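The values are calculated or read from the model by the stated rules, or taken from the named source; none is laboratory data. Bear in mind the structure is a predicted one, so any value in this text is a computation, not a measurement. Backbone-built Cβ (ideal geometry, glycine too); neighbour counts: all protein chains shown. Heavy atoms of the whole protein, side chains included, go into the accessibility calculation; ligands, DNA and RNA do not. Shrake-Rupley method; radii C 1.70, N 1.55, O 1.52, S 1.80 Å.
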Amino acid sequence: RLHRAGSEENTLACCNAQVKHGHEVLLVHGNEYDASLRASVAKTMRVVSLDALVHPISPINDFAALRQLSRLLLEWHPDIVHTHQSKAGIIGRLAARQANVPGIIHGVHILPFVHVGNAQKLTFLAAERLTARFTRAFIDVSQSMRDICVSHHIGSPAQHYVVHSGFDLMRFSHAHWPSEAPRLLGIAPGEPKPPVVLMLAALEPRKRHVELIEAFPKVIERVPDARLILAGEGPARRDIEAAIARSPVGGSIHLIGYHSEPEQLISLADVCVLTSMREGLPRVVMQYLAGGRPCVVSELPGLEEVVRHGVNGIVTPADDVNAAATAIADLLENKALRAHLAEGARHTDLTSWGLDAMCDSVETVYQSVLGALPQNDLSGARAYQSQLQ
């Protein structure tokens, strides 16, 4: 998929850096995409969409996507195929294998076999282990992602490289309120700003927007003038809108869609939240911290690398969104604790999440993979980066 979300932003940043380094870059995505985002990307690199590449498991479409992608790679003759996202990573690597691509790399943004049913877990584990046999390198967004992969026999330790998902740190550390703040909050111009809770996340079921909306009355009961801002787009929009409509505190919840200046929203917030049940190491949490805002986040693999409970954020159980709502209310009521966590956020070392650091590290992995290949395996200085799902 090519939406305005973390793994896509990560991929596009790397693609743009590769173009600047002089590589030829081809970006491939599936049938779900943001048309305006695709148009902007197509100005700097070749972009191909495959209608058969769909998000749900669909044997007919999946085999069609595999054939189409294999033909495309045979025509393109890339040196590197770098896949992202779970299902696209499997189909993309199988296609690269069929096309005899020498350098096959997979970016691990999320683990598809964690917090899912047994059938789905076994299916994805089998597919990941199969494709790992011909994957030259894995680029993991956190140490925990790497450790879980290795413990499940998906690649050897030497195949895994940890590269944090980078972004422009200064953009978030020096942000100001958005000019349309009164409209976003549903207040009159000049009216005092109410307490603001923000969640920046793609509108997907695994982010648990609906569960947070259902738990938000607990916050309003204690902080009646609080506002919940939900920023993002995605396939779960209709379900989220319905949850807001039936909520007894729906007037305090604002679904604003995609916002081009997320750092301004973070600047406006008193507390930032993420209630995902499955993630890699979500860089939106790093963006919250870079913006100097206390955050409430569900416990996720890798989160301990940057969020310290009671120091720069509050970590709640992964299976308990009600606990997140309680923590939000606690922070809104406790100005001293908010200030303490905000100070901790501002002093968090996020150097390795810088955009240049990420792009340089990915380039180093590419060079390492190419350098380990026999010279007759190289087809001639083409880099291929795929964002597929």
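Only one entry in 138, 167, 172, 124 is open to solvent by less than 50 Å² (accessible area, probe 1.4 Å), without any contact (Cβ under 8 Å) to a residue 40 or more places away in the chain and under 19 Å from the mean Cα position of the chain (by Cα), namely 138. Being of a type in the set (A, V, I, L, M), in contact with a Leu (Cβ under 7 Å, 6 or more places away or on another chain), at pLDDT 95 or above and part of a helix (DSSP H, G or I): is that true of residue 289 here? The answer is yes for residue 289.
A single member of 108, 41, 28 is within 28 Å of residue 162 (Cα to Cα), touching a strand residue (DSSP E or B) at 6+ places or on another chain (Cβ under 6 Å), without any contact (Cβ under 8 Å) to a residue 40 or more places away in the chain and not acidic (Asp, Glu), and it is 41. Among the candidates 150, 197, the residue that is in contact (Cβ under 8 Å) with a residue 40 or more places away in the chain, hydrophobic (A, V, I, L, M, F, W, C) and either in a helix (DSSP H, G or I) or out of contact with any His (no Cβ under 9 Å at 6 or more places or on another chain) (or both) is uniquely 197. Is it the case that some residue within segment 202-218 is open to solvent by 50 Å² or more (accessible area, probe 1.4 Å) and on the phi > 0 side of the Ramachandran plot? Within segment 202-218, none of the residues are open to solvent by 50 Å² or more (accessible area, probe 1.4 Å) and on the phi > 0 side of the Ramachandran plot. Looking at 343, 363, 304, just one residue is open to solvent by 20 Å² or more (accessible area, probe 1.4 Å), out of contact with any Leu (no Cβ under 7 Å at 6 or more places or on another chain) and either modelled with pLDDT of 95 or more or assigned to a strand (DSSP E or B) (or both), and that residue is 343. Scanning segment 233-266 for residues that are at positive phi and either open to solvent by 60 Å² or more (accessible area, probe 1.4 Å) or not in a loop (DSSP other than H, G, I, E, B) (or both) returns a single hit, 257.
Of all residue pairs spaced 6 or more apart or on separate chains, those with beta-carbon atoms under 8 Å, a first member in segment 339-353 that is closer than 10 Å to residue 289 by Cα and a second member that is exposed (fewer than 13 other Cβ atoms within 10 Å of the Cβ) are 341/310.
With respect to residue 191, is the statement that it is without any contact (Cβ under 8 Å) to a residue 24 or more places away in the chain, open to solvent by 10 Å² or more (accessible area, probe 1.4 Å) and part of a loop (DSSP other than H, G, I, E, B) true? Yes, satisfied.
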